[in-house]
Amino acid sequence: MFKLIDLPYASLAPVISDETLSFHYGKHLQAYVDNLNKLIAGTEFEGKSLEDIVKNSTGAIFNNAGQILNHELYFTQFKTPDQVGGNGASLPAPTGNLLKQIEKQWGTLDAFMAEFEQKGTTLFGSGWVWLQTNADGELSIGQYAGADNPVAHVMPGQTGHLKPILTFDVWEHAYYLDYQNRRAAHLKELWKIVDWEVIEKRFTK
Ligand SMILES: [Fe+2]
């Protein structure tokens with residue numbers, strides 16, 4: 001049985017309002033958990049990990065498992081603006097090997113963030129924009145529709161599945177109460193609450 005994860009914070013306001021968090025986490029994510037538990041009962045997927053289910057399923061099971069995995073990675077990568085120092089003029093930023101790799105591939109952190117926002121803004125319809133890495137530690141930005149996740153994908157010419165590092169949810173339920181149709185403005189605000197320590201752990205794991 002899958003359970004709703006605990007959140008590592010009580011609020012992410014004002015970047016994400018308490019109302020949005022309450023619906024997004026308490027209603028949408030809870031529904032994916034309840035749906036998946038019903039769908040996999042008595043099937044080959046019962047007792048499997050979310051990643052295994054996402055890699056091997058289709059249809060409703062894939063959609064609900066994917067959305068749980070996506071939202072778990074999404075909700076656990078944030079902290080309050082105060083905790084990550086993202087309330088003032090400067091944004092929280094990665095350090096160490098992740099920053100080095102970003103600068104190697106994009107030149108600057110700002111250039112990476114601009115492309116990430118642009119890919120999130122231009123993704124048609126509901127989905128997710130991801131920072132992902134391959135087995136060689138090379139980064140790329142992926143646009144995925146619906147419930148899709150990098151773990152379900154293998155880059156051409158490679159064998160291992162992509163690993164998800166950072167994600168912004170561009171389903172309207174993630175921002176519409178707070179930002180209405182201003183998806184780009186919402187994505188820009190999210191940098192204020194990114195917990196780069198979590199992202200770096202995902203990258204080096
Ligand atoms: Fe969502």
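Values quoted throughout were computed directly from the atomic coordinates according to the rules given, and no laboratory measurement underlies them. Quick caveat, the model's predicted, so the values are computed rather than measured. Note that we place each Cβ from the backbone using ideal geometry, even for glycine, and neighbour counts take in every protein chain shown.
Counting only residues that are part of a helix (DSSP H, G or I), more than 16 Å from the ligand (Cβ to nearest atom) and surrounded by 14 or more Cβ atoms within 10 Å (Cβ to Cβ), the range 15-50 holds 3 of them.
Which of the residues that make up the range 51-60 are within 18 Å of ALA145 (Cα to Cα) and either surrounded by fewer than 19 Cβ atoms within 10 Å (Cβ to Cβ) or in contact (Cβ under 8 Å) with a residue 60 or more places away in the chain (or both)? Scanning the range 51-60 gives GLU51, VAL54, LYS55, ASN56, THR58, GLY59, ALA60. Evaluating ALA65 against the criteria (1) assigned to a loop (DSSP other than H, G, I, E, B); (2) touching a helix residue (DSSP H, G or I) at 6+ places or on another chain (Cβ under 8 Å); (3) small (Gly, Ala, Ser) leaves one unmet condition, (1). Of all residues in the range 82-119, those that are touching a Pro at 6+ places or on another chain (Cβ under 8 Å) and either touching a residue at least 40 places away in the same chain (Cβ under 8 Å) or more than 19 Å from GLU189 (Cβ to Cβ) (or both) total 4.
Listed by position, the strands (runs of 3 or more DSSP E) enclosed by the range 120-186 that each have at least 3 residues that are free of Cβ contacts under 8 Å to residues at least 24 places away in the same chain are 139-145. Reported count of residues in the range 167-193, each being surrounded by fewer than 22 Cβ atoms within 10 Å (Cβ to Cβ), away from the ligand (no atom under 14 Å from the Cβ) and of a type in the set (A, V, I, L, M), is 2.
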